[in-house]
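Please read the structure below before turning to the comments.
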Amino acid sequence: MLQVSIYRYNPEVDSAPYMQDFSVDTEGKDLMVLDVLEMIKDGQDASVTYRRSCREGVCGSDGLSINGKNGLACITALSDTVKGNKLVVRPLPGLPVIRDLVVDMSLFYAQYEKIQPYLQNNTPAPAIERLQTPEDREKLDGLYECILCACCSTSCPSFWWNPDRFIGPAGLLQAYRFLADSRDTATDERLAGLDDPFSVFRCHGIQNCVNVCPKGLNPTKAIGHIRTMLLNRAT
Amino acid sequence: MVVQVTSFSRSGLSDWLIQRVAGVILLAYFALIGYVMINGVSYASWQALHAHSAMRIFTLLAALSFAAHAWIGLWAVFTDYLTERMLGPRGNRLRRFCQIASVLTLLSYLLWVVQIIWG
Ligand code: SF4
Ligand code: SF4
Ligand code: FES
């Protein structure tokens, strides 16, 4: 029997959060963490609350703190995370808890909105579409794949302390995604908005973000590129 | 863009660049001091070394670097931990007090260094 400990908090009835223990019979199968949560919700306590949708690492809704490390429950296998037969599941750290494993992502999305995550181009639109050479398209690899699961930003201490002012790894990865796009002409305005002491420069290169990204992306590297662009623009 | 009047240069980029350059200057200075000390110093040789104009300029440069490096670093620490988010409204007062106290301390050190090497 797998020992599972789940963070519970229902602000309507609980005065404080607590950990609830469950025993789950996995029949020796190497399940995903999400499967275990579903088994608990179906068979033991239907009030356990979490977000999920695609169950295959595409939608980004079930980012959780799993045995202390942020990841997507649906693609984290028990064999990857369980040691000593114990599974501890908590909500993503640093964001307000709405209920159980569900967090309020407003701060995270507000930072994403700040970087203007859409193409801006002030040249006349061509008849069909804006073309890009294969080389220019390649520059977006490792950037466009982000599913905004927030695993990275909520593992970043700088984001914990200043979630309202530091854009965080997820937002900065996307900021660079548009800075690097050959079809975007707002590069200078974008860079001008990032030059303050918080937006980019609160990154101290701790690399927690790289360590947890379930898509294997590297926000720290993208942040380094932004810094270089800022430096080249200003010196 | 977040504007900060108490950060060293008000620009994240130039704070960052100044801190890196200051770090390199400090490293070079202490490497030199370490090298001199390992090879043995007497009062006379130490005084002769610091009587050189080049050495005085280097010392002053290192002191300026120290002050800038420390200001930028401490400012980042204060704005991480001594905030309204972490401590409530008294976080704001505490942060301002620590910022002003550390800037005054650093400036005093700086003037003291000037007095020692040129006094
Ligand atoms: S960079 Fe990775 S961890 Fe961060 S939000 Fe995107 S997919 Fe999730
Ligand atoms: S490298 Fe930067 S963005 Fe990534 S976790 Fe560290 S401080 Fe945060
Ligand atoms: S449920 Fe969609 S990413 Fe896990």
Inset, instruction - Sticking with the crude label model, points 7 Å out along Cα→Cβ, report the distance from B:Ala44 to A:Ala234 in nm, one decimal please. - result: 5.1
Inset, instruction - For region B:92-119 and region A:129-192, write down the distance between their C-alpha centroids in whole Å. - result: 39
Legend entry - Solvent-accessible area buried by pairing A with B, both sides, nearest 100 square angstrom, 1.4 angstrom probe: 1800
Legend entry - Most fluctuating residue given options A:Ser65, A:Ser53, A:Ser153, as computed from a GNM of chain A linking Cα atoms under 10 Å: A:Ser53
Inset, instruction - Quick one: angle between helix A:219-234 and the longest Cα principal axis of chain A, in degrees between 0 and 90, rounded to 10, please. - result: 20
Legend entry - Crossing angle, helix A:33-43 versus chain A [Cα axis fit, 0-90 degrees, rounded to tens]: 40
Inset, instruction - Could you pull out the GluC sites (Glu not before Pro) across region A:11-98 that fall in loop regions by DSSP (anything but H, G, I, E, B) with no more than 15 other Cβ atoms inside 10 Å? - result: A:Glu12, A:Glu27, A:Glu56
Inset, instruction - Keeping the other protein chains in place, figure out the carbon and sulfur percent of the accessible area of region A:106-234, with a 1.4 Å probe. - result: 52
Legend entry - For region B:27-119: relative contact order, % (alpha-carbon pairs under 8 angstrom, 6 or more apart): 28
Legend entry - Theoretical gain in end-to-end length, A:Glu135 to A:Ser47 [0.36 nm per residue, Cα-Cα removed]: 26.6 nm
Inset, instruction - Could you tell me the accessible area of A:Thr185 in Å² (1.4 Å probe, neighbours in place), rounded to the nearest ten? - result: 60
Inset, instruction - Any chance you could look up the accessible area of A:His204 with a 1.4 Å probe, heavy atoms only, rounded to 10 Å²? - result: 100
Inset, instruction - Keeping all protein chains in position, work out how much accessible area B:Trp112 exposes to a 1.4 Å probe, and write it in Å² to the nearest 10. - result: 140
Inset, instruction - Rounded to the nearest 10 degrees, what's the angle between the helix A:168-179 long axis and the longest principal axis of chain A, both from Cα atoms, 0 to 90? - result: 30
Legend entry - At least 50 Å² of accessible area lost relative to the chain alone, listed for region A:147-164 with a 1.4 Å probe: A:Trp161
Inset, instruction - Counting only C-alpha contacts under 8 Å and six or more residues apart, can you give the relative contact order of chain A as a whole percent? - result: 18
Inset, instruction - Take the alpha-carbon centre of region A:33-69, take the same for region A:75-89, and report the distance between them in whole Å. - result: 13
Legend entry - Loop-located trypsin sites (Lys or Arg not before Pro) in region A:1-53 whose Cβ has at most 14 other Cβ within 10 Å (DSSP): A:Lys29
Inset, instruction - Check cross-link reach from A:Lys139 to the lysines: straight Cα distance under 28 Å, and skip same-chain residues fewer than eight apart. - result: A:Lys114, A:Lys215, A:Lys221
Inset, instruction - For region A:185-219, state which residues have at least 30 Å² less accessible area in the presence of all protein chains than in their chain by itself, taking the probe as 1.4 Å and leaving out ligands, DNA and RNA. - result: A:Asp195, A:Asp196, A:Pro197, A:Phe198, A:Phe201, A:Arg202
Legend entry - Cross-link reach list, aspartates and glutamates versus A:Lys83, counting only Cα pairs under 14 Å and skipping chain neighbours closer than eight places: A:Asp30
Legend entry - chain A, helix-only ellipticity at 222 nm - DSSP H runs n ≥ 4, -39,500 (n - 2.57), divided by all residues, nearest 500: -8500 deg cm²/dmol
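Counting pairs of alpha carbon atoms under 8 Å apart in space and at least six apart in sequence, what relative contact order in percent does region A:106-234 give?
32
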Inset, instruction - Just tell me, in residue order, which DSSP H segments of chain B are both 20 angstrom or longer along the helix axis (alpha-carbon based) and at least -0.5 in mean Kyte-Doolittle hydropathy. - result: B:12-38, B:53-81, B:89-118
Legend entry - Average accessible surface area per residue within region A:106-234, 1.4 Å rolling probe, Å²: 46
Inset, instruction - Return the ratio Rg/(2.2 N^0.38 Å) for chain B, where Rg is computed over Cα atoms only. - result: 1.31
Legend entry - Ranking by accessible area, most exposed first, for B:Ile100, B:Ile33 with a 1.4 Å probe: B:Ile100, B:Ile33
Inset, instruction - Take the solvent-accessible surface of the protein heavy atoms, probe 1.4 Å, and return the percent of it on region A:1-88 that carbon and sulfur atoms account for. - result: 46
Legend entry - Accessible heavy-atom area order of A:Val212, B:Val21, A:Val13, highest first, probe of 1.4 Å: A:Val13, B:Val21, A:Val212
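The values are calculated or read from the model by the stated rules, or taken from the named source; none is laboratory data. On a predicted model such as this, the values are computed, not experimentally measured, just so you know. Neighbour counts are summed over all protein chains in view; Cβ atoms, including those assigned to glycine, are modelled from backbone coordinates with ideal geometry. For the accessible areas, the whole protein counts, side chains as well, though only heavy atoms, and no ligand, DNA or RNA atoms are used. Shrake-Rupley method; radii C 1.70, N 1.55, O 1.52, S 1.80 Å.
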